[in-house]
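The values are calculated or read from the model by the stated rules, or taken from the named source; none is laboratory data. From a predicted model like this one, the values you see are computed outputs, not experimental measurements. Quick reminder, even Gly has a Cβ in these numbers, built from the backbone with ideal geometry, and neighbours come from all protein chains shown. We work out accessible area using only protein heavy atoms, side chains counted, and drop any ligands, DNA or RNA first. Shrake-Rupley method; radii C 1.70, N 1.55, O 1.52, S 1.80 Å.
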Amino acid sequence: MGVPAQVQVPESYRDPVDKAEGRHFRWGGPGPGILDILRGRHDGSPVGWDSGMVPGVILPPPCPPPRRSCNLLPEGPCLLPPTVPGPLPTDPLPMPENPAPASPPHLSPSAEPSRAPVAATGPIPDLVVVGGGLVGLATAREAARLGAVVEVLDRGRPGDGASGAAAGMLSPLAESPVDGPFLDFALASLALWPAWVLELEEETGLDLQYQEAGKLLLARDAAGADELQARMGWALQRGLGARWLRDEALAREAPGLSTEHLSAGALLLEDDYRLDNRAAVRALHGSAKAAGVQVRTGTEVTGVIMDGGACTGVRTTDGIRRAGRVLLAAGAWTGGLEGLPFPLPIRPIRGQMLALEAPELAGGRTLEAGEIYLVPRADGRVLCGATVEPDAGFSARPDAGGLLHVLAQSLQLLPELAGAPLVETWAGLRPGTPDGLPLLGPLGDPAGPWVAGGHFRNGVLLSPATARVVAPALLAAGSPGEGVGPIPQAFSPARFAP
Ligand SMILES: Cc1cc2nc3c(=O)[nH]c(=O)nc-3n(C[C@H](O)[C@H](O)[C@H](O)COP(=O)(O)OP(=O)(O)OC[C@H]3O[C@@H](n4cnc5c(N)ncnc54)[C@H](O)[C@@H]3O)c2cc1C
């Protein structure tokens, strides 16, 4: 849906409420979360779907670092990281407050470059990953832990793409209007996140601001309420935590919610978490490097090198980089790479966002009504998003109309936010696909290039499961999809082969 031509700014925005008098939010924080339990802070209450927690997250015992002499482990790899000498610097990768505006991919005809500094360094890696967003970094890290020599090439810095622009919601059910393979995969990925957070925070010293806060999906009208209640029906059958709330019960969960939304009702989803995606990028970058991944920033890949059906490397603006295997994880730009066995229908779908300072919301439920959501962060900001713009091309800059739309809709949900200071605006490009599902797997011949892309609105949520299924399948090492299952057939890139 594009930005409406005309946006009505609510009265409350034009005449801001006095902050001192008007804002008395009392959000009830959720009980102990999975992370509390993993950290030993659990108070003894039950763990399971009934308590709104994902069961079955077990930390494996420590294991030795992968062997570096032989590139690929022949069997049964350990998925824990190699021992690192000590905590990494607290901020291994400074992230800009506003992600750098994205620029179009390099699409000039590929000529054999005369200089090849990228190729000149080190042995041929087992795997080259194109793109250092959450998907690329997570999969590179997983592959390195399986014993592979891995290099990530990013034309900018990790997090420059959608991963640095996202809202950080981990929302399997809210993103699943119907039951099916997407929901299965999303739930499996959600279940991996708590242990990931624990491990990444301990390894890097970064705070990922992870919160198991739940989400309220707000109905706009009676038809919307019917759709949400139907979703609640099958969610409950699957044992997921879902409840229908309205009026006073809803007001208790979302103080300050507009009366219009209180009477329309909302679906409370307990199995809905959130984190700071920029911190997650920094942590994964640091962790991947600690696992032995070489991350080359400022290296733009222009296309793949094919030899028959096999992909033997990539062309970069710095030269040719040979590789045992190639994984394309360049987000919205993946489809612009040259030489692919068939065109990839991944295209940019811009999302504009802004952040307000509203510390009284910290710990409260995430609110979502249609495409608009409010995501409280532990640091006292609330993220308001987002436009869904399929026609903005590769421009990742916010504009006045888009921001006004997000702001106006946000204030319709919580009018008392009108007095909150505006602290940041930005935009990012979601990697969209025609059916809204990601593309995971080889482009035709298994020896050809592989892709992990097209995660659209859910790349933060899906990164752990993507890494878990793609890395072992691509390297033919380890147990494919341990704890997640094989790559879902519905995600096969072959569905778009001519
Ligand atoms: C506004 C917004 C809100 C979102 N909110 C959420 C959310 O709450 N939860 C959620 O799960 N998901 C969310 N998403 C979606 C999520 O951000 C994406 O699905 C995810 O970040 C995609 O990750 P990626 O690694 O595939 O791509 P990206 O993060 O875009 O990374 C691609 C990388 O490839 C690099 N690159 C591009 N071209 C080349 C090239 N030719 N050579 C070398 N490197 C290249 C880029 O520099 C970039 O670093 C949101 C997205 C947006 C825009």
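Peptides 441-448, 264-271 ranked from most to least packed give 264-271, 441-448, packing being the mean of other C-beta atoms within 10 angstrom over each peptide's residues.
Taking the alpha carbon gyration tensor of segment 332-424, multiplying each eigenvalue by 5 and rooting it gives semi-axes of 32, 14, 11 Å, largest first. Ranked from largest, the principal axis spans of the Cα set of segment 246-324 equal 64, 31, 21 Å. When the residues 496, 185 are ordered by accessible surface, computed with a 1.4 Å probe over the protein chains alone, the sequence from largest down reads 496, 185. Distance between Cα centroids, segment 352-381 to segment 131-175: provide it in whole Å. Using only Cα atoms to place each centre, the spacing works out to 24 Å. In segment 306-373, Rg over Rh equals 1.24, where Rg is the alpha-carbon radius of gyration and Rh the Kirkwood radius from pairwise Cα distances. Whole-Hz Karplus values for segment 394-405 come out as 9, 7, 10, 10, x, 10, 4, x, x, 5, 4, 4 Hz, taken residue by residue from phi with 6.51 cos²θ - 1.76 cosθ + 1.60 and θ = phi - 60°; glycine and proline positions read x. Scanning residues 5 or more positions from residue 311 or on other chains, those with amide H under 5 Å from its amide H are 448, with H placed 1.01 Å from N in the peptide plane. When 169, 353, 306 are compared by accessible surface with a 1.4 Å probe, the order from highest to lowest is 306, 169, 353.
Per the Cα gyration tensor, segment 454-498 maps to an equivalent ellipsoid with semi-axes of 18, 15, 8 Å, ordered largest to smallest. By a 1.4 Å probe calculation restricted to protein chains, residue 384 has an accessible surface near 0 Å², given to the nearest 10.
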